[in-house]
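The block underneath contains the structure these notes are about, expressed in structure tokens.
The values are calculated or read from the model by the stated rules, or taken from the named source; none is laboratory data. Since the structure is predicted, the reported quantities are computational estimates derived from the model, not experimental observations. Ideal geometry is used to build each Cβ from the backbone, glycine not excepted, and the neighbour counts take in all protein chains shown.
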Amino acid sequence: MTDTQRPVQESLFDMGPDEEVGYRVPIACQVAGITYRQLDYWARTKLVVPSIRSARGSGSQRLYSFKDILVLKIVKGLLDTGISLQNIRLAVDKLRDLGVDDLATITLVSDGTTVYECRSGEEVIDLLGGGQGVFGIAVPGIMKELTGTIAAFPSERVSDTAQPAAHPADAIDELAERRARRRIS
């Protein structure tokens, strides 16, 4: 398939970094336009958790994927428009299940209270027809901006982020857990 025959979302996805790289906290904060306190709070409350590596004890570093940082930017945009964190949490729960390809096709529209996921111009027009003031966040535009911005920052390959060897007692527990899952009765 040539580049001209590929769907738009596929070409958008190609603009982003591959799934094998992660970004440290300072980069995630800078690129998403948020503070460390916000990022830390959102990670601790599981609003947006790092999908590559979470912090484990003192000295460990979280690593955020491209999609994680995209969601951070979306959350920041929704907060800036006055949506409550509670309603943002509901929206993020739905976004979490979507892949980057799916995210590249949606526009988030809100009436100030509820966040709606629109996949076509007709859906956006239907919401506008209600006569309420609404605003939208075009995720493909955010992806394009993020792709250009994040390219200037260093990333870490997932293979370089191996977790430290487990404590021997943890290995026994893991083995026991695997055996328990294999039991039929």
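When S54 is tested against (1) touching a residue at least 12 places away in the same chain (Cβ under 8 Å); (2) closer than 19 Å to V158 by Cα, only condition (1) is not met.
Against the conditions (1) among the hydrophobic types (A, V, I, L, M, F, W, C); (2) surrounded by fewer than 21 Cβ atoms within 10 Å (Cβ to Cβ); (3) at pLDDT 85 or above; (4) assigned to a loop (DSSP other than H, G, I, E, B), V109 satisfies every one except (4).
For the range 100-110, a residue qualifies if it is under 9 Å from the mean Cα position of the chain (by Cα) and of a type in the set (G, A, S), but none of them does. Pairs are defined by a Cβ separation below 7 Å, a sequence spacing of at least 6 or placement on different chains, a first member in the range 136-156 that is free of Cβ contacts under 8 Å to residues at least 40 places away in the same chain, and a second member that is of a type outside the set (A, V, I, L, M); the pairs so defined are G136/T107; A138/T107. With respect to the conditions (1) surrounded by 14 or more Cβ atoms within 10 Å (Cβ to Cβ); (2) more than 22 Å from I69 (Cβ to Cβ); (3) modelled with pLDDT under 85; (4) hydrophobic (A, V, I, L, M, F, W, C), L98 falls short on a single one, namely (2).
Taking the range 57-72 as the range and being charged (D, E, K, R) and either touching a residue at least 60 places away in the same chain (Cβ under 8 Å) or more than 25 Å from G141 (Cβ to Cβ) (or both) as the test, only R62 passes. If you check K46 against the conditions, is it farther than 27 Å from V134 by Cβ and not aromatic (F, W, Y)? Yes, satisfied.
Highlighted here are the helices (runs of 4 or more DSSP H) found entirely within the range 115-185 that include at least 1 residues which are out of contact with any Lys or Arg (no Cβ under 9 Å at 6 or more places or on another chain), modelled with pLDDT of 80 or more and exposed (fewer than 11 other Cβ atoms within 10 Å of the Cβ): 121-128, 139-150.
Quick check on L103: is it in contact with a Lys or Arg (Cβ under 9 Å, 6 or more places away or on another chain), surrounded by 15 or more Cβ atoms within 10 Å (Cβ to Cβ), of a type outside the set (S, T, Y) and in contact (Cβ under 8 Å) with a residue 24 or more places away in the chain? The answer is yes for L103. Look at the range 27-47: where a residue is under 11 Å from K73 (Cα atoms) and a partner is buried (at least 18 other Cβ atoms within 10 Å of the Cβ) and aliphatic (A, V, I, L, M), sitting 6+ places away or on another chain with Cβ atoms under 6 Å, you get A28/I69; C29/L39; V31/I69; V31/I150; A32/I69; A32/L72. Going through (1) more than 15 Å from the chain's Cα centre (by Cα); (2) within 24 Å of A152 (Cβ to Cβ); (3) in a helix (DSSP H, G or I) one by one, Q61 falls short only on (3).
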